[in-house]
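In what follows, a structure is listed as structure tokens, so that the remarks can point back to it.
The values are calculated or read from the model by the stated rules, or taken from the named source; none is laboratory data. Bear in mind that the values here come from a model prediction, so they are computed numbers and not experimental data. Here the Cβ positions follow ideal geometry from the backbone for every residue, glycine too, while neighbour counts run over all protein chains shown.
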Amino acid sequence: MQSEVKAKSMALYDTDYQLWLDQTAAQLKAQDFSNLDLENLTEEIESLGRSEKHAMSSYLMRLCEHLLKIKYWQSEREMCLRGWKREVIDFRLQIQEELEASPSLRLFLQDVFAKQYKNGRKLFLNASELDIKLIPEEPDFTLEQALDEDWLPWQPK
């Protein structure tokens, strides 16, 4: 009988995801652990962690891209600085919200900072078409600076 319930639950996962979520939540609240679709539930929980990390990586990459725009794209700075600064604020706020919900993601950010800087650098170089030699391959600012709401890599004189 229990194998029939589990088979139905697994089939439900494939045919009506929202109903599966509702049913699984109800089973957890009722502590009906014997009928849980553990295979798909485990997969979903692992997926949640991957999604958070992917979002954090993306925010960090875009933050680095815009910090590089502010620092190095002089020909566009006067016209675009306001928008770039707004984007920097937005990406910092997104990262901060994720860190408030999951402080352990700070270690993840430290681990991916160099990689996401390089990805942001690629985006920046593609947009700006500046000489690749002008932009450092390694970050010339720290993760702490990048996340600091009071720091920008360039200040008007």
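Structure data summary
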| quantity | calculated |
| --- | --- |
| Of residues in region 117-157 being among the aromatic types (Phe, Trp, Tyr) and in a loop (DSSP other than H, G, I, E, B), the one nearest to residue 71 (Cα to Cα) | 154 |
| Test result for residue 89, crowded, with 18+ Cβ neighbours inside 10 Å and among the β-branched types (Val, Ile, Thr) | no |
| Where residue 79 falls short, out of the listed (1) touching a residue at least 24 places away in the same chain (Cβ under 8 Å); (2) more than 12 Å from the chain's Cα centre (by Cα) | (1) |
| Residue list for region 108-142, filter: small (Gly, Ala, Ser) and closer than 26 Å to residue 49 by Cα | 114, 120 |
| Every residue from region 29-54 that is assigned to a helix (DSSP H, G or I), farther than 30 Å from residue 95 by Cβ and without any contact (Cβ under 8 Å) to a residue 12 or more places away in the chain | 29, 33, 38 |
| Counted residues, region 82-101 - those being touching a residue at least 60 places away in the same chain (Cβ under 8 Å) and either more than 16 Å from residue 116 (Cβ to Cβ) or in contact with a Phe, Trp or Tyr (Cβ under 8 Å, 6 or more places away or on another chain) (or both) | 2 |
| Residue in region 35-42 that is surrounded by fewer than 18 Cβ atoms within 10 Å (Cβ to Cβ), under 22 Å from the mean Cα position of the chain (by Cα) and farther than 30 Å from residue 137 by Cα present | yes |
| Where residue 52 falls short, out of the listed (1) surrounded by 13 or more Cβ atoms within 10 Å (Cβ to Cβ); (2) farther than 28 Å from residue 153 by Cα; (3) not basic (Lys, Arg) | (2) |
| Meets criteria (surrounded by fewer than 14 Cβ atoms within 10 Å (Cβ to Cβ) and under 30 Å from residue 20 (Cα atoms)) for residue 137 | no |
| All positions within region 61-75 that are over 21 Å from the mean Cα position of the chain (by Cα), in contact (Cβ under 8 Å) with a residue 24 or more places away in the chain and part of a helix (DSSP H, G or I) | 70, 71, 72 |
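Results for (1) among the charged types (D, E, K, R); (2) in contact with a Lys or Arg (Cβ under 6 Å, 6 or more places away or on another chain); (3) assigned by TED's automatic domain parsing to the domain that holds residue 21; (4) at pLDDT 95 or above, shown as yes or no for each residue.
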residue	(1), (2), (3), (4)
47	no, no, no, no
60	no, no, no, yes
76	yes, no, no, yes
107	no, no, no, yes
133	yes, no, no, yes
138	yes, no, no, yes
